[in-house]
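Heads up, the thing below is written out as structure tokens.
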Amino acid sequence: MLRIESLDVRYGTTHAVRGIALSVDAGEAVALLGPNGAGKTSTLRAVTRLAPFTGTITFDGSPVSSPEEGARRGLIHVPEGRHVFPDLTVHENLQIGTTARRGRADGFSFADVYDLFPALVPLRDRLGYALSGGEQQMVAIGRALVAAPRLLLIDEPSLGLAPIVADAVAGALAEVRSRTALLVIEQNVHLAVRVCDRAAVLSSGEIVLESPAAELHSRDDLLATYLGQSKTGTGA
């Protein structure tokens, strides 16, 4: 479904991503792990044409020409920072997601989103600016799901969330991945193991480790080197 080959991303003299190759197949969930500054977000931004790059990126066999064209084809991006519309209600934020659906009938309904995130049910009419960080993250993911993604790209879904909220988000994503292919950017290895089939670790713009997610527990020493954490930890 997604093929990345020889990807380079530069910002002036900063070489953010250095010749990486990565793939996500239909029905697969892949985690891209790494510390801050490793090149994870730059990789996602290149995939959705939000950042200039060299190399080859194809989605469903052909290149993506623009963020809008990618979204119309089902390449849906949940960026870091949530970007909930502050003056719209929770339900109005979700409704905006349907604009990218483009007739795809196999996506998530509003009812599906509220089932995944029951904490949003009593907040349907609350404005975005009045939501907590965790509630905003749930809305941002829900808005992407009603767009009927064929591949969902999620940047740091657990960033800044209390452990109990991060656990709820991980549980929802574990259910989502049974219906939708995922590429998840994370620093939290525990979430990656729970949600994804396999993982790649980025360090200084290069992939330094690839492993089935279930085998990350045997790579604790390497994870500690690159991420400062073990499978069960969350890092410093």
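The values are calculated or read from the model by the stated rules, or taken from the named source; none is laboratory data. From a predicted model like this one, the values you see are computed outputs, not experimental measurements. Positions of Cβ are generated from backbone atoms using ideal geometry, with glycine treated the same way; all protein chains shown enter the neighbour counts.
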Breaking point among (1) more than 27 Å from Thr58 (Cα to Cα); (2) at pLDDT below 95; (3) in a helix (DSSP H, G or I); (4) touching a helix residue (DSSP H, G or I) at 6+ places or on another chain (Cβ under 8 Å), for Val193
(1)
Exactly one condition in (1) over 13 Å from the mean Cα position of the chain (by Cα); (2) crowded, with 23+ Cβ neighbours inside 10 Å; (3) assigned to a loop (DSSP other than H, G, I, E, B) is false for Ser158; which is it?
(1)
The conditions are (1) surrounded by fewer than 22 Cβ atoms within 10 Å (Cβ to Cβ); (2) closer than 17 Å to Glu156 by Cβ; (3) among the β-branched types (Val, Ile, Thr), and Thr14 fails exactly one of them. Which is it?
(2)
What is the one condition in (1) part of a strand (DSSP E or B); (2) at pLDDT below 90; (3) loosely packed, with under 15 Cβ neighbours inside 10 Å that Leu209 does not satisfy?
(3)
Look through the stretch 49-89, keep the residues that are out of contact with any helix residue (DSSP H, G or I) (no Cβ under 7 Å at 6 or more places or on another chain) and of a type in the set (Val, Ile, Thr), and return whichever of them is nearest to Val9 (Cα to Cα).
Thr54
Which ones in the stretch 59-77 are loosely packed, with under 15 Cβ neighbours inside 10 Å and under 20 Å from Ser6 (Cα atoms)?
Asp60, Gly61, Ser62, Pro63, Ser65, Ser66
Unmet criterion (only one of (1) surrounded by fewer than 16 Cβ atoms within 10 Å (Cβ to Cβ); (2) under 16 Å from the mean Cα position of the chain (by Cα); (3) part of a loop (DSSP other than H, G, I, E, B)) for Ser23
(3)
